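The values are calculated or read from the model by the stated rules, or taken from the named source; none is laboratory data. All of these numbers come straight from a predicted model, not from anything done at the bench. Glycine gets a Cβ as well: all are built from the backbone with ideal geometry, and neighbour counts include every protein chain shown.
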Amino acid sequence: MDWSSDIPVILLAVVCGAIIGIERQFRHKPAGLRTNIMICLGAAVFTLISERMASESHDSITRIAAQIVTGVGFLGAGAVIQDRGGIHGLTTAATIWLVASIGMACGARLYYLAAITTVLALVVLVGLGHLERYLDRREEKQRKDH
């Protein structure tokens, strides 16, 4: 088996994880650059391993994929914090979950899916972040006016 075909897979996973991780790092979130890269890369590698194991043993390729989703769910749950002021970290948890799916797409060699999802995630994190802040300011102003 030619393992050199895995190099573009893992490099794309690193790039996609880094793109999202830079945005998270810039916003000083707990899961930043390195964390997002590692999650994306790990999911890609586990997907590659799953593919190899299934092809050699005629076993289900979906078993490891299902465990990636479960394991990353636990990782994301650790990012959620509840205190008197509300719940914090939901976007971080959702980003962790999404980055794992991007890594799985890389590992499955679904490059366009990984790239498009990365771009859309960045649009959501950056673009909708501006919209959220605008709406929060507007709501705060309305409360003060009443």
| query | Hey, does segment 50-73 have a residue that's assigned to a helix (DSSP H, G or I), of a type in the set (G, A, S), modelled with pLDDT of 85 or more and surrounded by 18 or more Cβ atoms within 10 Å (Cβ to Cβ)? | reply | yes
| query | When both residues are 6+ apart or on different chains and their Cβ atoms are under 7 Å apart, which pairs have a first residue that lies in segment 1-30 and is among the polar types (S, T, N, Q), and a second that is surrounded by 15 or more Cβ atoms within 10 Å (Cβ to Cβ)? | reply | Q25/G32; Q25/L33
| request: Give me a count of the residues in segment 85-106 that are assigned to a helix (DSSP H, G or I) and more than 18 Å from A65 (Cα to Cα). | output: 4
| Of all residues in segment 1-46, how many are crowded, with 20+ Cβ neighbours inside 10 Å and of a type in the set (A, V, I, L, M)? | 11
| query | Does A79 satisfy being part of a helix (DSSP H, G or I) and either surrounded by 13 or more Cβ atoms within 10 Å (Cβ to Cβ) or in contact (Cβ under 8 Å) with a residue 40 or more places away in the chain (or both)? | reply | no
| query | If you go through segment 1-26 one residue at a time, how many are within 28 Å of R52 (Cα to Cα), in a helix (DSSP H, G or I) and of a type in the set (D, E)? | reply | 1
